[in-house]
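Trainee: If you scroll down you'll find the structure; I have some questions about it.
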Amino acid sequence: MTAAPERALDDPFGFDNTFAELPEAFYTRQAPVPVPKPELIRLNRPLAAHLGLDPDALVEPEAIEILAGNQVAQSSRPLAMVYAGHQFGVWVPRLGDGRAILLGERVDRDGRRRDVQLKGAGLTPYSRMADGRAVVGPVVREYLGSEAMAALGIPTTRALAALRTGQSVFRDSVKPGAILVRVAQSHVRVGTFEYFYSRGDRAALRTLADHVIARHYPHVADAENRYAALLEAVCERTAALIADWLLVGFIHGVMNTDNISLAGETIDYGPFGYLDTYHPATAYSSVDVYGRYAFNEQPRIGHWNLAQFAQTLLPLLADDEEAAIERARAALDAYAPAFEARYHAGLQRKIGLVAAQQGDTEFAFDLLQRMARGQADFTLTFRRLADVDFTEEGSMAPLRALFDDPAVIDEWLARWQERLAAEPRSAGERREAMRAVNPAYILRNHLAQRAVDAAERDGDFGVMEELLTVLASPFDDHPGMEHYARPPAPGEGVYRTFCGT
Ligand code: AMP
Ligand code: MG
């Protein structure tokens, strides 16, 4: 039995604890469980500074003890949150932070309140049959995944630090233990609402909804029906998030309702992945045998998840049940148009169009279909399209080379050239604009795997560091690092991703 952590006298964190001020029904007060030999793998210094923390103080032994869970900061009121959820469509009445501890909150330099949470911090009352721990490989994957997403400009949780614990953790084999220090706008999920709804606890639902409004949607606080306005706002943010995912080829992999943030951030990087070759039905997760969370299913699943959220709000939407259902339906009905507007506009930007014309969306879809037919790489097709210069024959070669049969793209290129004639921008302006929305670097699965293997097998975090450099500015060229922009070589592809909890 490991001793409970002591309170650290030195506290470089200065946490707020607004969630801990909510009634006890929302969490269990729980300190992290100490680990044998904490060692910092990496501190995200810019993020630390953005949170108003002193990066130099965070690498001191006292701070590392806190980040590893061996000490509790003076200002911290650590807790594990309770929630429920639909996992692969199956209702689970109680989940909760099984291996995560919320240390507290920081208000960042943009005035946004952010949670600081340890993932892999030991057993909690919600651990069920599991061990409360995380291992190096998945921690490296989540660190890379969330930082890459942030650099793409897509809402996401962040990684403040990763640590080794010096503990052996038992998975399919013995693995080195690790902790991810995760930062989120909050950790309230659709599953948090489901938990209280399923228990018929209307007062808790109201408290939770008010907390979420104050924290994430203050502009709806004075709406004529604030809970309906909350639902609308959550639908809108979620629609935008999923559209953004599709525009960069991201597959979340485990869109259970307990992994859907009320703040509209990408959260819980488990078996996620990015498309290499464009196949719309791609599903990587080893546990997603039916492709429920496949790439092109995500918009529909987003709606399904929001419908579960809407149901939990019914007791707050109106006294009369029929009226409540009507309000919920109206909000949900706005999801698909919001998704499409964002997705279609994004696709048009990706192909360099600004002067919208009838048929532009179909034209972009036609490109996607050709990519599927030609087995073309999703990311590189758009990136290389930016570099096409119709006055220079040779500029099309890199793009054409992505297609099994270049004739598949040639037809489309001819129509694109015609369509571009109606655009107000110069070729140079268009090229720059396209490069600013079509990344060269994404966290391809085989690259993530390389970083994981080096870290887990050899304790070598060099690949992770290199990847972080290119992924931090994914729209720039990184001379000398072009190999990180390439699709997997034959035999190098990774088509199964694992939660690897
Ligand atoms: P996930 O699918 O990763 O979102 O996890 C689903 C639930 O399982 C969450 O409530 C987690 O807290 C819990 N969980 C996952 N891995 C572990 C673990 N190693 N120990 C305890 N709980 C876990
Ligand atoms: Mg989860």
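The values are calculated or read from the model by the stated rules, or taken from the named source; none is laboratory data. Since this is a predicted model, take the numbers as computed values, not measurements. Glycine also receives a Cβ, built like all others from the backbone with ideal geometry; neighbour counts cover every protein chain displayed. Quick note on the areas: whole protein, heavy atoms, side chains included, nothing else; ligands and nucleic acids left out. Shrake-Rupley method; radii C 1.70, N 1.55, O 1.52, S 1.80 Å.
Trainee: Taking a 1.4 Å probe, which of R300, R435 shows the most accessible area, and what order do the others take after it?
Mentor: Listed by decreasing accessible area, they come as R300, R435.
Trainee: How big is Rg to Rh over region 151-240, alpha-carbon atoms, Rh as the Kirkwood inverse-mean-distance radius?
Mentor: Result: Rg/Rh = 1.13.
Trainee: Let me ask something else about it. For labels at H483 and D453 in the simple 7 Å Cα→Cβ model, what's the distance in nm?
Mentor: For H483 paired with D453, the spin-label model returns 1.3 nm.
Trainee: How much length is gained on full extension from A307 to E432, taking 0.36 nm per residue of separation minus their Cα-Cα distance?
Mentor: 41.0 nm
Trainee: Could you give the accessible area per residue of the chain, probe 1.4 Å, as a whole number in Å²?
Mentor: Accessible area per residue: 40 Å².
Trainee: Moving to a separate point now. Please list the three semi-axes, largest first and in whole Å, of the ellipsoid equivalent to region 1-115, using sqrt of 5 times the eigenvalues of its alpha carbon gyration tensor.
Mentor: They are 26, 18, 14 Å, listed from largest to smallest.
Trainee: About its Cα centre, what dipole magnitude does region 354-435 give when the only charges are +1 on Lys and Arg Cβ and -1 on Asp and Glu Cβ, stated in debye to the nearest 20?
Mentor: 220 debye
Trainee: Under a cut-off of 15 Å between alpha-carbon atoms, report the aspartates and glutamates in cross-link reach of K175, not counting same-chain residues fewer than 8 places apart.
Mentor: D131, D453, E456, D458, D460
Trainee: Normalise the Cα radius of gyration of region 235-369 by 2.2 N^0.38 Å (N = residues in it) and let me know the number.
Mentor: That ratio works out to 1.16.
Trainee: For region 253-386, what relative contact order do you get, as a whole percent, if you take Cα pairs closer than 8 Å and at least 6 residues apart?
Mentor: Value for region 253-386: 26 percent.
Trainee: H219 accessible area, nearest 10 Å², 1.4 Å probe?
Mentor: About 140 Å², rounded to the nearest 10.
Trainee: Follow-up. Sort L40, L367 by heavy-atom solvent-accessible area, probe 1.4 angstrom, most to least.
Mentor: L40, L367
Trainee: Please work out the FRET efficiency for the pair R206 and R7, using the Cβ-Cβ distance as r and a Förster radius of 35 Å; give the result to the nearest 0.05.
Mentor: Efficiency at R0 = 35 Å is approximately 0.55.
Trainee: Sticking with this one: Could you work out the relative contact order of region 1-147? I mean the mean sequence separation of Cα pairs under 8 Å and 6+ apart, divided by the number of residues, in percent.
Mentor: 25 percent
Trainee: Once both labels are modelled 7 Å past Cα along the beta-carbon direction, what's the E322-D54 spacing in nm?
Mentor: Modelled inter-label distance: 6.5 nm.
Trainee: Hey, any idea what % of region 354-435's accessible area is carbon plus sulfur with a 1.4 Å probe?
Mentor: 49 percent
Trainee: A further question on this structure: Quick one, what does Rg over Rh come out to for region 1-68 if you take C-alpha atoms and the Kirkwood Rh?
Mentor: A ratio of 1.00.
Trainee: Ranking request for peptides 135-141, 236-242: highest mean number of other beta-carbon atoms within 10 Å first, then the rest in descending order.
Mentor: 135-141, 236-242
Trainee: What is the spin-label model distance, in nm, from A356 to L123 if the labels are put 7 Å beyond Cα along the C-beta direction?
Mentor: The two pseudo-label positions are separated by 5.7 nm.
Trainee: For region 390-490, which GluC sites (Glu not before Pro) pass both filters: DSSP loop (anything but H, G, I, E, B) and at most 16 other C-beta atoms within 10 Å?
Mentor: Here the GluC sites (Glu not before Pro) that fit, given the DSSP loop and packing criteria, are E392.
Trainee: Based on the Kirkwood radius over alpha-carbon pairs, what is the Stokes-Einstein translational diffusion coefficient of the chain at 37 °C with 0.692 mPa s viscosity, in µm²/s?
Mentor: After rounding, the answer is 138 µm²/s.
Trainee: Further, regarding this structure: Which length gain, in nm to one decimal place, applies between D16 and R425 when the Cα-Cα distance is subtracted from 0.36 nm times their residue separation?
Mentor: Fully extending the segment from D16 to R425 adds 142.4 nm.
Trainee: Quick one, what does Rg over Rh come out to for region 19-184 if you take C-alpha atoms and the Kirkwood Rh?
Mentor: Checking Rg against Rh, the ratio lands at 0.95.
Trainee: Separate question: So between F390 and R226, what do we pick up on full extension, going 0.36 nm a residue minus the alpha carbon distance?
Mentor: Extending this stretch completely gives an extra 53.7 nm.
Trainee: Carbon and sulfur: what percent of region 190-338's accessible surface (1.4 Å probe)?
Mentor: Summing carbon and sulfur atoms, their accessible area is 51 percent of the total for region 190-338.
Trainee: Could you tell me which chymotrypsin sites (Phe, Trp or Tyr not before Pro) in region 1-102 are loop residues by DSSP with no more than 15 other beta carbons within 10 angstrom of their beta carbon?
Mentor: Answer by residue number: F88.
Trainee: Now, a different point. Just from its helices, what would the mean residue ellipticity at 222 nm be for the chain, if runs of 4 or more DSSP H residues each count -39500 (n - 2.57) and the sum is divided by every residue, rounded to the nearest 500 deg cm²/dmol?
Mentor: -13000 deg cm²/dmol
Trainee: Mean 1/r over all different Cα pairs, inverted: what Kirkwood radius does region 354-435 give, in Å?
Mentor: 13.1 Å
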